[in-house]
Amino acid sequence: MSSQGTTTARVAPDPPQPPEAAAKARRLSLLNVAFELRAFIALAVLIVVFGLLSDSFLTVTNVITMTKHVAINGVIALGMLLVILKGGIDLSVGSIVGLSGVVAGELLQGVALGGVIAYPPVWVVIVLCVAVGMGVGLLNGVLVTRFNVAPFIATLGMLYVARGAAMLISNGATYPNLGGNPALGNTGFDLLGSGRPLGLPTSIWIMIVLAAAAVLLLAKSPFGRWLYATGGNERAADLSGVPIRRVKTIVYVVSGACAAIAGLIIASELTSAAPQAGETYELNAIAAVVIGGAALSGGRGTVRGTLVGAFVIGFLADGLVILGVSTFWQILIKGAVIILAVMLDQGQQRFKRRGAAASAVAASARPT
Amino acid sequence: MSAAPRPARRLLVVLSLLATGSLLAACGGGGAEQKAATQPSATSGGTAGGLIAIITPSHDNPFFKAEADSAKAKAEALGYETSVASHDDDPNKQSELIDAAISRKAKAIILDNAGADASIGPVRKAVTGGIPVFLIDREINATGVATAQIVSNNAQGAQLVAQSFVEKMKNKGNYVELVGKESDTNASVRSKGFADVISQYPDLKQVAKESANWDQQEAFTKMETIIQKSRDIQGVIAGNDTMALGAVAALKAAGLLGKVTVVGFDGSPDAIAAVKAGQMHATALQPAALGAQSAVEQADQYIKTGKASKEEKQSIDCELVTAENADDYGVFARK
Amino acid sequence: MTGHVLRACDVTKVYGGTHALKGVDFGVAAGRVTALFGENGAGKSTLMKILAGIEHPTTGRVELDGRPVELVSSRDAADHGISIIHQELSLCPNLSVQDNLFLARELRGRLGAVDRRTQRAATTAVLRRLEEDVDPDGLVGDLRLGQQQVVEIARALLQDARVLIMDEPTSALTAPEVEVLFRVIRELTGSGVAVVYISHHLDEALDIADDVVVLRDGRLVATADAAEVDIRWIVERMVGRDQDALFPRREPVLGEDLLTVRDLMVADPANPDRLAIDDVSLTVRAGEIVGVYGLMGSGRTELLEALAGRIAPASGQVELAGQALDGSGIRERIGRGVVLVPEDRQRDGLVQTMSVGENLSLAGLRSFVRGLFVSADLERGAVERTIADITVKASGPKAAIGSLSGGNQQKVVIGKALLTGPRVLLLDEPSRGVDVGAKADIFELMAAQARQGLAVLFTTSDAEEALHIPDRLLVLARGAVAGEFRRGELTREELMSVSDGGAV
């Protein structure tokens, strides 16, 4: 064999793809679109199936009621999405739900200021409860960024701390009758859960507003870009001058605030606050984010997907209740849906890689 | 109530711990009528009689808290030192707590156990170690091990409340049943007690039966969904008061409150308040305080005389609480 | 050529969108040493991994004794008599020498228990053959790097391979150890074993080789009998062009001192007791390209990371145009005009989950913010301009970063740095793992930035680059500056000698 001459130094522009390779790439990209929309497809299937099986499923009032149920998990999941985009996890949200309700209950019972019992107006109560949620989130963030505690461990610890705090404040008891007293000027708390501005329950409006804010934050603000970058590759983000510590702290604060808002909605709906409210809600929120196509490793996920994920979980649960399916089956079906969603996600990633390799081979298939 | 430490101070302390304490700047004042009747004091009472260990499920349920509080108060009144602990329905933790009681040479153990089968071994271990065990609220599936098993009669209570429910419903109508955690024996015992009575009235039709895991928010959500299916509902019978109160909130949101008969079980202070307010029709009160006090008295007798004063299996009947007699009841006990 | 024991036939390998190998035919003959040459990123390691069953070809096949064979794993390859000594050590430091040698192929005695006695005897024998005095029961983690490499070689010998692949086996060996290794290789070929040998030390590889094969940009560009070629011939084929085209001549216009470093001391982040940078002082003027030549562990990466604010120096001053930068972090330094293009673009340079455009704008995002939000128009304009300026070959700003070739990915990392509007551009091994065309583009890009008045400081471990690109070259050895030279002052041999600390 003789030695070959040198090849051209510059790489030639990509030649047109051979037809069969192009067709393969097209097929793969169609499949990719189907995968991309899988959560929507799942939701559509749920709606059609339940709609066919029950007359009362697809009524306006039922859809509104179900959406109201979705809103609680949806609001928590929006906060969770930010944490997961960062590549973290927040297990403390369920406990923050309980803590927030308990703080609201305590404040609405009246706070003594220098011997006089003060009844803070409802807006003050709401602000303070959200501040408590943000405070817990800030602690999570500080543990993760300053003390290098793994997010799973830090928020697991806060799950217990916040729950214990809720128990301590309430002494284990439930606060009843949070409707307030007109004479004390602290009425209106129940409107958060039962009010219907413009015909829709307040909680749905809260979810819509928070989702819109999240979309703006993620798609338009520099913070959103920093967040995706930090979750995608923390080292690269750091070297690009992204303030990764601040980004990482803020997502826990936002997550805590969202959970606190959800806790307020629940306490308002029930006009009572129980310290054990919100147990295991963190898992529902994580499930919504994951069904919505976010990667637990960070950097990938959307508000739209997360909301669809929350709707899938909520409509599934309510639909099964309407059909009268046994509780045990409800639990099992929910688990199966989560696993299926994640499997499809893995499938999509594999297809993406295969698609990239296929088009690269097609591009290089030039005569030699 | 006035002697109790103010909840607002606890709130302050806890929130300061959470680094957000500066947001609130007050303590003292605020009445909280729903709070437990007795507050655990920081130090235990007399030490002459020795130690009595009180072990119950988690105090986040006011029922167990009332149980533990009254046992503690009774024991200290009788001159015993007490240790109060919660096993959180974890048999393993229960076993460790019993080990601790043995090593502290407790004179007796008052136990609301963590499982009818899983608790037999630990109870036997304590008895072998020379410590008599007095079971309250829940039985174990063995006799001759514990000195006493004092339980409230769930079946009787369920029938009692179901009977009142049926009368209020005038023997007819559509009703929803909310069942407790389906893995819990009490959930099925109560559900069966309801059915024993209601099945005799063919015009009473069960339109939905859902588990809400003893949980208020879950009961609220499920009830809202059930209402979506049909508003033609005249009654709700719930396996505990927490779920009944969740149903009340859902009925209120749907504008059905007052048109639907709601009954619960347990006799929690919140439920009694709802009964007084006319939101609930009735509940079956489990005399937790009574059972706990009785257990301590029997333990006292046993410690002093060395033999059991009553037969092992004892059951305490539940009491029906309706608007007529609601004022007579306090925290899981007749006033 | 006939008599190939193991052969890769028309093998192509694609990672993401990058071609590591393009239609390569490569065979090894029994009883001969085949030396494989090529620059970083030419595809040598990928080809060897395919022959050893660790990677699988995207297209093409592997033949053993003329018959197609599918090697599903390295274990499978080993069962076919193919062993590989990895470039990166693949030993378990927490296990003993003999446990490592017999890992996953433990000798079983009665009742299936590990027969340690026989294992120990075999271990002692093979280590004696390699003339290395190592305790078979000592922990691998306690051995020095060179000894670990000998253990790695011993493991491959124990497998009685018919084909033995050695990917940089001597990088940590002392000269006497290399001699022993060569003697062993000769013994092996004498008994009919086919050996593939890869080394950055061209003379050493040519010394032991019977056949010479050169890869460039994933293609096989030359094969020859070792006796008929010299190093110059090999280098020409490796680089693939005359050096003037790769290294453009330039006449720098020098301005003020932009970057001044005085008495910099930096602790080794991995081992804080040791200094990675030991008293380094340097200046870079506006319009100047300064190179830092250093081998692995010379401290070149730590030097640039300290200048970029990623690691805090133990002592010393860093000034930008006379203003102290001390105590400021990455973000602040980027704001003031000092930006780093990191060495490992996958790990430190790119966010794989983001598009080409989002990666480009990441570091300079602040300048596109209007009010609360990023202005899409400003961002798109800047990104499209940069893509055109630095000739990134991508389908557009929305293309996935993984669909780009290594060279284009590297251009994106550089473009990202340029979009911050820097005054000092730090580049850590900017040409590592990119093909020759992209390499020339990157050097041209650096020259263009210097023409616009930037101070450019880059590191390299490639001698040709070090000799031809920078206006001034600092040679770094063990964390200290071993010499400073103007372009053309130094020959390749002198450079090698200086970078080794002046002694061989």
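Give the residues of region C:183-219 that are of a type outside the set (A, V, I, L, M, F, W, C) and farther than 19 Å from C:GLY27 by Cβ, sorted by residue number.
Within region C:183-219, the first condition is being of a type outside the set (A, V, I, L, M, F, W, C), and the residues that meet it are C:183, C:186-187, C:189-192, C:197, C:199-201, C:203-204, C:207, C:210-211, C:216-219.
Those that are of a type outside the set (A, V, I, L, M, F, W, C) and farther than 19 Å from C:GLY27 by Cβ: C:ARG183, C:ARG186, C:GLU187, C:GLY190, C:SER191, C:SER199, C:HIS200, C:HIS201, C:ASP203, C:GLU204, C:ASP207, C:ASP217.
Considering each residue of region C:191-205, count those that are surrounded by 20 or more Cβ atoms within 10 Å (Cβ to Cβ) and either not in a loop (DSSP other than H, G, I, E, B) or not polar (S, T, N, Q) (or both), and give that number. Talk me through it step by step, then tell me what you get.
Our first condition is that a residue be surrounded by 20 or more Cβ atoms within 10 Å (Cβ to Cβ); within region C:191-205, this holds for C:193-199, C:205.
Checking the rest, the ones that are also either not in a loop (DSSP other than H, G, I, E, B) or not polar (S, T, N, Q) (or both) come to C:193-198, C:205.
Here the count works out to 7.
Looking at (1) under 30 Å from B:ALA271 (Cα atoms); (2) part of a helix (DSSP H, G or I); (3) modelled with pLDDT under 90, which is the one condition that is false for A:SER203?
Looking at each condition in turn, A:SER203 falls short on (3).
Quick grid of which residues meet (1) closer than 30 Å to B:ASP117 by Cβ; (2) not aromatic (Phe, Trp, Tyr):
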| residue | (1), (2) |
| --- | --- |
| B:GLN163 | no, yes |
| B:ASN174 | no, yes |
| B:LEU178 | yes, yes |
| B:LYS181 | yes, yes |
| B:ILE198 | no, yes |
| B:LYS209 | yes, yes |
| B:TRP214 | yes, no |
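Considering only residues that are part of a helix (DSSP H, G or I) and within 8 Å of another protein chain (Cβ to nearest Cβ), look in region A:206-223 and name the one that is surrounded by the fewest Cβ atoms within 10 Å (Cβ to Cβ).
Filtering first and then ranking leaves A:LEU216.
Do we find that C:GLY335 is out of contact with any strand residue (DSSP E or B) (no Cβ under 8 Å at 6 or more places or on another chain) and within 9 Å of chain A (Cβ to nearest Cβ) in this structure? Quick ask: steps written out before the conclusion?
Working: out of contact with any strand residue (DSSP E or B) (no Cβ under 8 Å at 6 or more places or on another chain): yes; within 9 Å of chain A (Cβ to nearest Cβ): yes.
The answer is yes for C:GLY335.
Condition first: more than 17 Å from the chain's Cα centre (by Cα), among the small types (Gly, Ala, Ser) and within 14 Å of another protein chain (Cβ to nearest Cβ). Now tell me which residues in region B:255-273 satisfy that. Before you say what the answer is, go through the steps one by one.
Here is the first cut: in region B:255-273, the residues more than 17 Å from the chain's Cα centre (by Cα) are B:255-262.
If we keep only those that are among the small types (Gly, Ala, Ser) as well, we get B:255, B:258.
Once the filter is applied, which keeps residues that are more than 17 Å from the chain's Cα centre (by Cα), among the small types (Gly, Ala, Ser) and within 14 Å of another protein chain (Cβ to nearest Cβ), region B:255-273 yields only B:GLY255.
So which residues in region C:420-451 are among the small types (Gly, Ala, Ser) and modelled with pLDDT of 90 or more, if there are any at all?
Of all residues in region C:420-451, those among the small types (Gly, Ala, Ser) come to C:421, C:431, C:433, C:437-438, C:440, C:447-448, C:450.
Result: C:GLY421, C:ALA447, C:ALA448, C:ALA450.
Could you pull out the residue among A:ILE338, A:ILE261, A:ILE265 that is assigned to a helix (DSSP H, G or I), away from every other protein chain (no Cβ under 12 Å), within 17 Å of the chain's Cα centre (by Cα) and modelled with pLDDT of 90 or more? Break it down stepwise before answering.
Details: A:ILE338 fails: modelled with pLDDT of 90 or more; A:ILE265 fails: away from every other protein chain (no Cβ under 12 Å).
After applying the criteria, what remains is A:ILE261.
For region C:378-412: of the residues being of a type in the set (D, E, K, R) and more than 10 Å from chain A (Cβ to nearest Cβ), which is nearest to A:GLY241 (Cα to Cα)? Break it down into steps so the answer makes sense when it comes.
Going residue by residue through region C:378-412, those that are of a type in the set (D, E, K, R) are C:379-380, C:384-385, C:389, C:393, C:398, C:411.
Keeping just the survivors that are more than 10 Å from chain A (Cβ to nearest Cβ) gives C:380, C:384-385, C:389, C:398, C:411.
Values: C:ARG380: 20, C:GLU384: 22, C:ARG385: 22, C:ASP389: 23, C:LYS398: 22, C:LYS411: 18 Å.
Top of the filtered list is C:LYS411.
What number of residues within region C:213-267 are among the acidic types (Asp, Glu) and either at pLDDT below 85 or buried (at least 20 other Cβ atoms within 10 Å of the Cβ) (or both)? Show your work before the answer.
To start, the set of residues in region C:213-267 that are among the acidic types (Asp, Glu) comprises C:217, C:225, C:228, C:230, C:236, C:242, C:244, C:251, C:256-257, C:263.
If we keep only those that are either at pLDDT below 85 or buried (at least 20 other Cβ atoms within 10 Å of the Cβ) (or both) too, we end up with C:217, C:236, C:242, C:244, C:251.
Result for region C:213-267: 5.
Return the only residue of B:SER315, B:SER294 being among the polar types (S, T, N, Q), in contact (Cβ under 8 Å) with a residue 60 or more places away in the chain and not in a helix (DSSP H, G or I). Outline the logic, then answer.
Values: B:SER294 fails: not in a helix (DSSP H, G or I).
None of the others qualify; the one that does is B:SER315.
Out of region A:40-94, which residues are touching a Pro at 6+ places or on another chain (Cβ under 9 Å), within 13 Å of chain B (Cβ to nearest Cβ) and among the β-branched types (Val, Ile, Thr)?
Pass one, region A:40-94, residues touching a Pro at 6+ places or on another chain (Cβ under 9 Å): A:64-65, A:67-68, A:71, A:83, A:86-91.
This time we only want the ones that are within 13 Å of chain B (Cβ to nearest Cβ), so: A:64-65, A:67-68, A:71.
Scanning region A:40-94 gives A:ILE64, A:THR65, A:THR67.
How many residues does region C:413-452 contain that are more than 11 Å from chain A (Cβ to nearest Cβ) and either assigned to a helix (DSSP H, G or I) or in contact with a Pro (Cβ under 6 Å, 6 or more places away or on another chain) (or both)?
Looking only at that region, the number is 13.
Go through the residues of region A:106-120 one by one and say whether even a single one is assigned to a helix (DSSP H, G or I) and not hydrophobic (A, V, I, L, M, F, W, C). Walk me through it before giving the result.
Quick first cut of region A:106-120, residues assigned to a helix (DSSP H, G or I) only: A:106-108.
Narrowing the set further to residues that are not hydrophobic (A, V, I, L, M, F, W, C) leaves A:106.
Within region A:106-120 (the criterion being assigned to a helix (DSSP H, G or I) and not hydrophobic (A, V, I, L, M, F, W, C)), the answer is yes, since at least one residue qualifies.
Taking region C:42-80 on its own, how many of its residues are closer than 18 Å to C:LEU157 by Cα and aliphatic (A, V, I, L, M)?
5
Give just the number: which of (1) within 13 Å of another protein chain (Cβ to nearest Cβ); (2) small (Gly, Ala, Ser); (3) touching a Phe, Trp or Tyr at 6+ places or on another chain (Cβ under 8 Å) does C:GLY240 not satisfy?
(3)
Being within 25 Å of A:ALA259 (Cβ to Cβ) and among the hydrophobic types (A, V, I, L, M, F, W, C) is the filter here, so list the residues in region A:100-121 that pass it.
Listed by number, the residues that qualify are A:VAL102, A:VAL103, A:ALA104, A:LEU107, A:LEU108, A:VAL111.
Based on what the data block shows, is A:VAL161 at the interface with chain B (Cβ under 10 Å from one of its Cβ atoms) and at pLDDT 90 or above? Can you show your working first?
Values: at the interface with chain B (Cβ under 10 Å from one of its Cβ atoms): yes; at pLDDT 90 or above: yes.
Taking the combined requirement at face value, the residue satisfies it.
Could you pull out the residue among A:ASP238, A:ASP318 that is closer than 30 Å to C:GLY335 by Cα and part of a helix (DSSP H, G or I)?
On the way: A:ASP318 fails: closer than 30 Å to C:GLY335 by Cα.
It is A:ASP238.
If a residue must be surrounded by 14 or more Cβ atoms within 10 Å (Cβ to Cβ), in a helix (DSSP H, G or I) and not charged (D, E, K, R), how many such residues does region C:368-383 contain?
Our first condition is that a residue be surrounded by 14 or more Cβ atoms within 10 Å (Cβ to Cβ); within region C:368-383, this holds for C:368-369, C:373-375, C:378-380, C:382-383.
Those still in the list that are in a helix (DSSP H, G or I) too: C:368, C:378-380, C:382-383.
Applying the additional criterion that residues be not charged (D, E, K, R) yields C:368, C:378, C:382-383.
Residues in region C:368-383 being surrounded by 14 or more Cβ atoms within 10 Å (Cβ to Cβ), in a helix (DSSP H, G or I) and not charged (D, E, K, R): 4 in total.
What residue, of A:ASN148, A:ASN177, A:ASN186, is part of a loop (DSSP other than H, G, I, E, B), at the interface with chain B (Cβ under 10 Å from one of its Cβ atoms) and not β-branched (Val, Ile, Thr)? First the steps, then the outcome.
Details: A:ASN148 fails: at the interface with chain B (Cβ under 10 Å from one of its Cβ atoms); A:ASN186 fails: at the interface with chain B (Cβ under 10 Å from one of its Cβ atoms).
Answer to the check: A:ASN177.
In the list A:VAL136, A:VAL142, which residue meets the criterion of being β-branched (Val, Ile, Thr) and either surrounded by fewer than 24 Cβ atoms within 10 Å (Cβ to Cβ) or on the phi > 0 side of the Ramachandran plot (or both)? So that I can check it myself, show each step before the final result.
Numbers: A:VAL136 fails: either surrounded by fewer than 24 Cβ atoms within 10 Å (Cβ to Cβ) or on the phi > 0 side of the Ramachandran plot (or both).
Answer to the check: A:VAL142.
Looking only at region C:138-180, count how many residues are on the phi > 0 side of the Ramachandran plot and surrounded by 16 or more Cβ atoms within 10 Å (Cβ to Cβ).
Selection size over region C:138-180: 1.
Mind listing whichever residues of region C:101-130 are surrounded by fewer than 16 Cβ atoms within 10 Å (Cβ to Cβ), of a type in the set (A, V, I, L, M) and closer than 12 Å to C:ARG155 by Cβ?
Across region C:101-130, the qualifying residues are C:LEU103, C:ALA104.
For the condition within 12 Å of chain A (Cβ to nearest Cβ), in contact with a Pro (Cβ under 6 Å, 6 or more places away or on another chain), among the β-branched types (Val, Ile, Thr) and over 13 Å from A:GLY241 (Cα atoms), what is the one hit in C:VAL290, C:VAL374? Show your work before the answer.
Numbers: C:VAL290 fails: within 12 Å of chain A (Cβ to nearest Cβ).
Criteria check complete, one pass: C:VAL374.
Of all residues in region C:181-190, count the ones that are free of Cβ contacts under 8 Å to residues at least 40 places away in the same chain and either over 24 Å from C:ALA8 (Cβ atoms) or crowded, with 22+ Cβ neighbours inside 10 Å (or both). Steps first, please.
Quick first cut of region C:181-190, residues free of Cβ contacts under 8 Å to residues at least 40 places away in the same chain only: C:182-183, C:186-188.
Going one step further and asking which of them are either over 24 Å from C:ALA8 (Cβ atoms) or crowded, with 22+ Cβ neighbours inside 10 Å (or both), we end up with C:182-183, C:186-187.
Matching residues across region C:181-190 total 4.
Got a number for residues in region C:40-52 being modelled with pLDDT under 90 and either on the phi > 0 side of the Ramachandran plot or touching a Gly at 6+ places or on another chain (Cβ under 9 Å) (or both)?
The qualifying residues number 6.
Could you please tell me which pairs satisfy a Cβ distance under 8 Å, a separation of 6+ or placement on different chains, a first residue in region A:308-334 that is over 19 Å from B:LYS209 (Cβ atoms), and a second residue that is among the charged types (D, E, K, R) and surrounded by fewer than 22 Cβ atoms within 10 Å (Cβ to Cβ)?
A:ILE313/A:LYS334; A:LEU316/A:LYS334
The values are calculated or read from the model by the stated rules, or taken from the named source; none is laboratory data. Keep in mind the model is a prediction, meaning the values are calculated, not measured. Positions of Cβ are generated from backbone atoms using ideal geometry, with glycine treated the same way; all protein chains shown enter the neighbour counts.
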